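S.K.: Once you've had a glance at the structure underneath, I'll fire off some questions.
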Amino acid sequence: MAKYVFGVDIGGTTVKIGLFSVEGELLSKWEITTRTDEGGRYILEDIAKSVTEKMEAENIAKEDVKGVGMGVPGPVREDGTVIKCVNLGWGIFNAAEELSKLLGGLPVKAGNDANMAALGEFWMGGGKGYLNQVMVTLGTGVGGGIILNGKMLAGVNGAGGEIGHMQIDDDETEVCGCGKTGCLEQYASATGIVRITKRELNNTDKPSKLRNIPYISAKEIFDAAKEGDELATKMAEEHGRRLGYALAQVACVVDPEVFVIGGGVSRAGDILIENTKKYFTQYAFHACRKTEFKLATLGNDAGMYGGACSVLS
């Protein structure tokens with residue numbers, strides 16, 4: 001029986017790779033550079049080379065490896081076909097098949113990176129023990145992953161869980177990165193809360209310590225709110241209102257046991273969870289109001305864990 005599995009998380013700057021036991025223990029992790037030049041043609045070759053070198057260094061035989069699971073920053077179909085990945089320069093092709101060939105036929109699974117992070121938190125993180133959950137990642141953007149009865153809901157085009165692009169404000173005039181306006185990502189991401197805070201600072205004369213910070217970050221906004229800054233508190237509350245509203249709509253569709261909140265913004269901790277849960281309870285359908293909220297625990301390793309889990313499930 002196979003003893004090992006590899007988890008891979010492809011980012012725009014680095015590729016994170018982990019060697020796991022089939023029981024879920026992370027035995028080793030490392031990073032390689034994501035070479036996005038020439039349309040990202042070297043990325044899979046570099047991953048295959050790195051995995052092969054690790055197997056040789058650890059004297060791991062091919063038959064001892066269950067496979068490789070890979071998270072990609074873009075929509076991925078169930079068969080491993082990437083539907084364009086702008087950050088990597090990729091068009092439409094079957095990334096799972098290609099990497100499998102480069103690894104001499106080792107089984108490879110590929111999926112959207114946010115979905116893989118959700119699977120990782122489900123397997124060994126903040127969502128462990130819950131069969132039905134929605135993972136929300138609050139970083140530069142807003143991503144999501146939906147797990148129902150222990151299975152990932154990827155959707156026909158791999159876009160299942162793209163909650164960041166739910167439209168929640170018809171009056172928004174600024175354009176989201178996706179080309180639409182009023183997306184959740186424009187309010188609940190790290191860049192989103194900074195955007196609406198700068199708008200508030202420009203539109204009011206309300207005193208705030210944030211006025212003395214040249215380059216405001218999401219962390220500084222939440223830190224100021226924890227210290228009682230009135231304007232920052234209002235912005236943290238508004239962040240929770242927007243996110244809570246969106247998740248109430250998600251709950252009407254999938255009715256999860258738990259929302260697992262991860263990404264850099266989740267480091268705000270209790271203030272983020274409390275504001276979000278407060279407004280979620282206000283907006284949610286009565287049968288869904290007791291849905292739990294948990295913080296993710298795997299941090300930047302969640303995608304690797306999810307990749308490994310995808311091969312085992």
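S.K.: Look at G177 and say whether it is within 21 Å of the chain's Cα centre (by Cα) and outside any helix (DSSP H, G or I).
M.R.: Yes.
S.K.: Among (1) among the hydrophobic types (A, V, I, L, M, F, W, C); (2) more than 17 Å from the chain's Cα centre (by Cα); (3) within 23 Å of M152 (Cα to Cα), there is one condition L231 misses while meeting the rest; what is its number?
M.R.: For L231, the exception is condition (3).
S.K.: Kindly indicate whether G161 is assigned to a loop (DSSP other than H, G, I, E, B), surrounded by 15 or more Cβ atoms within 10 Å (Cβ to Cβ) and touching a helix residue (DSSP H, G or I) at 6+ places or on another chain (Cβ under 8 Å). Lay out the reasoning, then the answer.
M.R.: Working: assigned to a loop (DSSP other than H, G, I, E, B): yes; surrounded by 15 or more Cβ atoms within 10 Å (Cβ to Cβ): yes; touching a helix residue (DSSP H, G or I) at 6+ places or on another chain (Cβ under 8 Å): yes.
When the stated conditions are applied, G161 passes them.
S.K.: Looking for whichever is assigned to a strand (DSSP E or B), surrounded by 14 or more Cβ atoms within 10 Å (Cβ to Cβ), under 20 Å from the mean Cα position of the chain (by Cα) and touching a residue at least 40 places away in the same chain (Cβ under 8 Å) here; the options are G24, G67, G71. Which one fits?
M.R.: Going through G24, G67, G71 in turn, just one is assigned to a strand (DSSP E or B), surrounded by 14 or more Cβ atoms within 10 Å (Cβ to Cβ), under 20 Å from the mean Cα position of the chain (by Cα) and touching a residue at least 40 places away in the same chain (Cβ under 8 Å): G71.
S.K.: Then there is this: Tell me, which residue of region 198-223 that is within 30 Å of the chain's Cα centre (by Cα) and outside any helix (DSSP H, G or I) is surrounded by the fewest Cβ atoms within 10 Å (Cβ to Cβ)?
M.R.: P214
S.K.: Which members of region 259-302 meet the condition of being among the hydroxyl-bearing types (S, T, Y), free of Cβ contacts under 8 Å to residues at least 60 places away in the same chain and part of a loop (DSSP other than H, G, I, E, B)?
M.R.: T291
S.K.: Right, here's the next one. Go through the residues of region 224-237 one by one and say whether even a single one is surrounded by fewer than 19 Cβ atoms within 10 Å (Cβ to Cβ), touching a Lys or Arg at 6+ places or on another chain (Cβ under 7 Å) and aliphatic (A, V, I, L, M).
M.R.: Within region 224-237, none of the residues are surrounded by fewer than 19 Cβ atoms within 10 Å (Cβ to Cβ), touching a Lys or Arg at 6+ places or on another chain (Cβ under 7 Å) and aliphatic (A, V, I, L, M).
S.K.: Of everything in region 107-135 that's part of a strand (DSSP E or B) and at pLDDT below 95, which residue is nearest to the chain's Cα centre (by Cα)? Outline the logic, then answer.
M.R.: The initial filter retains those residues of region 107-135 that are part of a strand (DSSP E or B), namely 108-112, 133-135.
In the following step, the residues that additionally are at pLDDT below 95 were identified as 111-112.
Values: G111: 12, N112: 9 Å.
Taking the candidates together, the pick is N112.
S.K.: For region 284-310, which positions are touching a Gly at 6+ places or on another chain (Cβ under 8 Å), crowded, with 18+ Cβ neighbours inside 10 Å and not hydrophobic (A, V, I, L, M, F, W, C)?
M.R.: Answer for region 284-310, where residues must be touching a Gly at 6+ places or on another chain (Cβ under 8 Å), crowded, with 18+ Cβ neighbours inside 10 Å and not hydrophobic (A, V, I, L, M, F, W, C): K294, D301, G303, Y305, G306, G307, S310.
The values are calculated or read from the model by the stated rules, or taken from the named source; none is laboratory data. These figures come from a predicted structure and were not determined experimentally. Positions of Cβ are generated from backbone atoms using ideal geometry, with glycine treated the same way; all protein chains shown enter the neighbour counts.
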